[in-house]
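Worksheet: one structure, shown below.
Each reported figure results from applying straightforward, stated rules to the coordinates on display, with no laboratory input. If you're wondering where the values come from, they're calculated on a predicted model, not measured in any experiment. FYI the Cβ positions are ideal-geometry reconstructions off the backbone, even for glycines, and counts take in every protein chain you see.
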Amino acid sequence: MKNLMHTVVALGAFTVMLALAMPVSVAAPPTAPGKAPLTAPGKNKLQCFDGTTDGGFGGTCTLNSSGAKGSATLNLSSGDLAGDYAGVYTLESKLYDSLLTDITQVSYLYTGTIAPLPGNLSYNIPIDTNGDGVTNFYAFVDAFYCPGVDGVVDIINDPACGIYEGGVTFHANWAAFLAANPGAKVAPDNYVFIVAERTPAELYAIWTVNNVKFGKAGK
């Protein structure tokens, strides 16, 4: 992979967050160069990105094991005045360009030094609504609005897991999100990712995410 540079989700995130008081992710992993590269089944290892590596922000991501179901530590305690972010994504190709109705596992487990506030920890899925392979918006699943039980965020199977469409339109759960976006796919031009974020005014935090599932059963 070349040019693994930090990109900001082009959704007017701060404007929407301030005007509508809704959580919106503002950090993203590197933009995928077209369709994600092929990887063998079971090899969808986590990849890290963070503000320290990208520059201009604080925050670090550390992989604690090599497998997709292993853990990563997202440390947002740098004290950087610009804020911190850190997260994980995957190169696994089986998820990208898949119909949302074919996906059966989108979940992870988290622990942290504080309880998540709106915008602190989120799972983000690029959505292609018309089949042209281009991201139309991100499905933004904030842990504050999808708390699960004991830190288990199960986006597809938890009926109380709220989802923001493009950071603006709220859907009560995955079924409602699918009903509003028939025929939609996971866009192949951007990565699915989990990100932890801290604005300068928020408390420092260290999050651990593990057993991250990106897509279909057995993948």
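Structural remarks
- Backbone amide hydrogens, once placed in the peptide plane, bring Phe214 within less than 5 Å of nothing, excluding anything fewer than 5 places away on its chain.
- Here Cys48, Cys146 are placed in order of increasing Cβ neighbour count within 10 Å, fewest first, which gives Cys48, Cys146.
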